[in-house]
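Participant: Shown below is the structure under consideration.
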Amino acid sequence: MSYTALYRKYRPDTFDEVKGQEHIVTTIRNQIKFNRIGHAYLFCGTRGTGKTTVAKLLAKAVNCEHPVDGSPCEECASCRAIQAGSSLNVVEIDAASNNGVDNIRQINDAVQYSPTQGKYLVYIIDEVHMLSSGAFNALLKTLEEPPAYVIFILATTESHKVLDTIKSRCQRFDFRRISQEVIQGRLKDLLTREGIAATDEAIAYIASAADGSMRDSLSILDQCISFNLGEELTYERVLNTIGAVDIDVYMNIAEALRDDDAGRMLDEIAHITLEGRDLTKFTEDFVWFFRNMLFMKLSNGIEKAIDLTKENAERIRTLGQDFTETTLMRFLEELQELTAKVRLSSIKRVTLEMGLIKLLKPEMNGDIGALQKRVEELEKREFVSADMLAGMQGATGMTSNSIVGSGASAGVGDTDRLTDTDTALGPGSVSNMAINDSSELGETDGTVAGTGTASSTSYSNGEYTDIDLAELQNPLAEKIKDKVHRTPEEYIRERVEEKKAEARKNYGDALYSDIENLASQWRTKVVPKLGDLYEKQLQMAKVVPYKGETGDVALQIVFEDGLKSTVAYSFISTHLDKISEAASDAIGKKVEVTIQTLSQNEMLERGVQYESLDRYIQKIDFEVEIV
């Protein structure tokens with residue numbers, strides 16, 4: 001007998017074996033037990049969550065001669081025939097290849113004949129969203145009023161493509177992604193039946209890699225077993241089999257980002273490339289790595305929610321202390337963009353290396369992230385610190401490197417800052433404060449703060465003048481507070497308000513209000529209404545608002561030149577009307593949508609920097625030149 005894949009071999013035979021979909025199983029079993037069976041069902045959900053399995057169980061249960069608590073008995077002739085695939089009462093149709101009007105017409109003709117055996121004639125139409133518009137319309141009448149002995153079960157991974165008139169005629173069930181814990185339990189059970197040893201860490205990684213799909217987990221497990229026949233499945237062997245990367249690699253690269261060490265980072269990329277690792281998978285997992293780091297930085301006790309061992313969680317938490325929340329958010333945003341680019345790139349290694357270098361050197365981007373990085377670097381140098389201001393008010397003093405201390409003398413150079421002469425100002429008195437020839441001691445320039453009194457201040461030409469430093473304290477403190485001592489968040493917030501004010505001036509209050517209204521609803525209302533397929537394709541583009549020909553808000557969807565031949569560009573260019581309709585509904589005004597391609601340099605020149613409208617508003621850049 002030929003080998004049977006694990007996901008087929010262990011397909012559930014009863015509702016009790018269906019994992020992670022209790023809300024659906026309970027409803028269907030009650031319908032069968034109390035004879036409240038519907039005539040049409042719509043099963044929605046991502047791949048590998050049990051849609052086809054539950055459809056077959058439902059078909060088996062409604063035709064079972066002796067159902068047990070709503071489940072098929074697996075012993076009667078009807079159950080055995082359906083299990084073997086020889087029953088004429090259950091018809092499975094692949095809508096991807098049978099999507100025309102003629103195919104639906106055959107179904108309409110066939111339902112006129114009642115089943116010769118069993119109680120119900122069940123049609124399972126898989127990937128129903130692939131039906132043509134004409135086929136959907138041909139199915140409407142039969143779906144609305146089928147014969148009493150006919151049941152339709154429609155399954156789809158893209159429910160937004162199914163006509164509303166179809167949805168309204170069906171009972172809809174949404175299949176959830178299966179949790180990692182449930183998948184792990186199922187894998188352990190199957191490994192025990194197969195007599196194969198595996199470590200908990202290996203099973204946990206397979207369950208995590210499945211991303212909520214039971215079928216994916218069984219396919220990965222099948223591959224790992226075949227690659228390591230006769231050996232225990234360990235974490236390292238699973239990584240080698242599926243081309244994934246150990247957490248140590250992500251830790252090393254994150255440390256290189258922290259230490260500004262490009263050489264170490266590129267060495268790690270070279271290492272995983274030579275080992276034949278999947279760079280797309282690597283980039284996706286790197287996103288999850290920083291997501292976990294950010295979550296643990298924001299909340300304590302969240303390890304269980306992010307599927308990490310206690311040891312790895314502690315390592316990531318410790319490393320995360322070296323990054324700010326703002327930096328981690330920037331990493332996540334840029335890595336998500338990089339993932340899409342690596343997936344489509346023909347030279348994945350170079351694309352990945354360039355993306356990581358931009359993480360290391362954000363100033364290359366020329367955007368707000370670069371500005372934040374530069375501000376953080378200035379803070380690290382402690383050019384002006386909170387302690388310095390405190391010293392100016394008499395609490396401490398200022399050193400030659402603008403670090404607080406106390407001392408006897410100080411110098412002011414020709415650039416209006418403390419030079420490397422001796423130490424700094426502090427409590428008590430200051431003697432012999434030297435000022436270079438090119439400096440002038442005035443109300444605003446060459447002013448030094450401290451407490452106490454000064455016995456003298458010397459110029460390099462040898463002349464001395466007594467100065468009361470207390471009189472000069474306030475002007476310098478106010479000057480530094482006004483021009484230097486601001487946190488990055490305060491600085492960015494001020495820039496945001498400046499840019500928004502400028503945008504209001506350029507666009508006018510009414511148009512600006514429409515843009516901001518649309519931006520606030522782009523991710524929460526417009527994109528969800530369009531659906532997952534649109535969201536996936538829009539990730540490849542930048543969405544930019546501008547003033548349309550009628551003076552109202554308009555959107556331009558901008559792709560890089562190299563993406564013009566991709567499926568994303570082709571899809572979006574043929575569905576601009578749908579995007580326009582969703583955007584218009586969101587703000588109650590007509591929104592014109594156009595599409596364009598630009599080179600990377602043109603995007604930078606025109607300020608087209610952000611992938612979504614809400615980020616565009618949030619990140620303040622209204623200086624966009626629209627062609």
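Participant: Give 310/542; 281/358; 358/529; 19/297; 310/536; 51/141 a once-over and call out the pairs whose C-alpha atoms are over 31 Å from each other. Let's see the in-between values first.
Facilitator: Numbers: 310/542 39 Å; 281/358 20 Å; 358/529 33 Å; 19/297 33 Å; 310/536 34 Å; 51/141 24 Å.
In this structure, 310/542; 358/529; 19/297; 310/536 exceed 31 Å between Cα atoms.
Participant: Further question: Can you pull out the chymotrypsin sites (Phe, Trp or Tyr not before Pro) in segment 95-143 that DSSP calls coil and that have at most 16 other Cβ atoms within 10 Å? Write out the running numbers ahead of the final one.
Facilitator: On the way: sites: 113, 120, 123, 136; in loops: 113, 120.
The qualifying sites are 113.
Participant: What is segment 178-288 by shape, rounded, prolate or oblate, if you read a ≥ b ≥ c off the alpha carbon gyration tensor as root eigenvalues and call it rounded for a/c under 1.5, prolate for a/b larger than b/c, and oblate otherwise?
Facilitator: Working: a/c = 2.69, a/b = 1.99, b/c = 1.35.
Verdict is prolate for segment 178-288.
Participant: At a temperature of 25 °C and a viscosity of 0.890 mPa s, determine how fast segment 209-368 diffuses translationally according to Stokes-Einstein, using the Kirkwood radius over alpha-carbon pairs as Rh; express D in µm²/s, rounded to the nearest whole number. List each step's numbers first, then the result.
Facilitator: On the way: Rh = 16.8 Å.
Translational D for this selection: 146 µm²/s.
Participant: Can you give the accessible area of residue 145 in Å² (nearest 10), computed on protein heavy atoms with a 1.4 Å probe?
Facilitator: Spelled out: residue 145, probe radius 1.4 Å, area about 120 Å².
Participant: Further question on the same structure: Quick check: residue separation of residue 314 and residue 336 times 0.36 nm, minus the Cα distance between them. What number comes out in nm?
Facilitator: Numbers: separation 22, 0.36 × 22 = 7.92 nm, distance 2.45 nm.
Result: 5.5 nm gained on full extension.
Participant: Specify whether the C-alpha gyration tensor of segment 7-81 places it in the rounded, prolate or oblate class, a ≥ b ≥ c being the square roots of the eigenvalues: rounded for a/c under 1.5, otherwise prolate if a/b is larger than b/c and oblate if not. Please report the intermediate quantities before stating the final value.
Facilitator: Working: a/c = 1.71, a/b = 1.18, b/c = 1.45.
Verdict is oblate for segment 7-81.
Participant: Taking square-rooted eigenvalues a ≥ b ≥ c of the alpha carbon gyration tensor, is segment 1-136 rounded, prolate or oblate, where a/c under 1.5 means rounded and, failing that, a/b exceeding b/c means prolate?
Facilitator: Values: a/c = 1.44, a/b = 1.27, b/c = 1.13.
Rounded shape, in that the Cα axes give a/c under 1.5.
Participant: Averaged per residue, what accessible area in Å² does segment 93-151 show with a 1.4 Å probe, protein chains only?
Facilitator: Values: 2980 Å² over 59 residues.
Normalised by residue count, the accessible surface of segment 93-151 is 50 Å².
Participant: Please identify every one of the GluC sites (Glu not before Pro) in segment 66-169 that sits in a loop by DSSP and has no more than 12 other beta carbons within 10 Å of its own beta carbon. Working shown, then result.
Facilitator: On the way: sites: 74, 75, 92, 127, 144, 158; in loops: 74, 75, 127, 158.
Answer by residue number: 75.
Participant: Now a separate question. Want the number for residue 600 to residue 211: 0.36 nm per residue separation, take away the alpha-carbon distance, what's left? Write out the running numbers ahead of the final one.
Facilitator: Working: separation 389, 0.36 × 389 = 140.04 nm, distance 3.32 nm.
Roughly 136.7 nm would be gained on extension.
Participant: How much of the accessible area of segment 139-229, in percent, comes from carbon and sulfur atoms when a 1.4 Å probe is used?
Facilitator: With neighbouring chains kept in place, the figure for segment 139-229 is 48 percent.
Participant: So, one more: Compute the distance from the alpha-carbon center of segment 90-117 to that of segment 1-58, in whole Å.
Facilitator: If you average the Cα positions of each part, the centres end up 21 Å apart.
Participant: In segment 14-70, which chymotrypsin sites (Phe, Trp or Tyr not before Pro) fall in coil by DSSP and have 14 or fewer other Cβ atoms within 10 Å? It would help to have the intermediate numbers written out before the result.
Facilitator: Values: sites: 15, 34, 41, 43; in loops: 34.
In loop regions of segment 14-70 (DSSP not H, G, I, E or B), the sparsely surrounded chymotrypsin sites (Phe, Trp or Tyr not before Pro) are 34.
Participant: What is the extension gain from residue 88 to residue 255, computed as 0.36 nm multiplied by their sequence separation minus the C-alpha to C-alpha distance, in nm to one decimal? Mind dumping the intermediate values first?
Facilitator: Working: separation 167, 0.36 × 167 = 60.12 nm, distance 6.23 nm.
Gain in length upon complete extension: 53.9 nm.
Participant: Between residue 497 and residue 22, what is the label-point separation in nm under the 7 Å Cα-to-beta-carbon projection?
Facilitator: For the pair residue 22/residue 497, the computed spacing is 5.2 nm.
Participant: Just to check I understand the Karplus step: with θ = phi - 60° and J = 6.51 cos²θ - 1.76 cosθ + 1.60, what whole-Hz values come out for segment 92-100, glycine and proline as x?
Facilitator: Values, residue by residue: 9, 10, 8, 5, 5, 10, 10, 10, x Hz.
Participant: While we're here: Counting only heavy atoms of the protein chains, get the accessible area per residue of segment 215-309 (1.4 Å probe) and round it to a whole Å² value. Could the numbers behind the result be given before it?
Facilitator: Working: 4370 Å² over 95 residues.
Per-residue value: 46 Å².
Participant: Restricting everything to alpha-carbon atoms, can you work out Rg to Rh for segment 55-97 with a Kirkwood hydrodynamic radius?
Facilitator: On the way: Rg = 10.9 Å, Rh = 10.6 Å.
Here Rg/Rh amounts to 1.03.
The values are calculated or read from the model by the stated rules, or taken from the named source; none is laboratory data. The structure presented is a predicted model; accordingly, all values stated were derived computationally and were not measured. Using ideal geometry, Cβ is built from the backbone for each residue, glycine included, and neighbour counts are taken over all protein chains shown. Just so you know, the surface numbers come from the protein's heavy atoms only, side chains and all, with ligands and any DNA or RNA stripped out. Shrake-Rupley method; radii C 1.70, N 1.55, O 1.52, S 1.80 Å.
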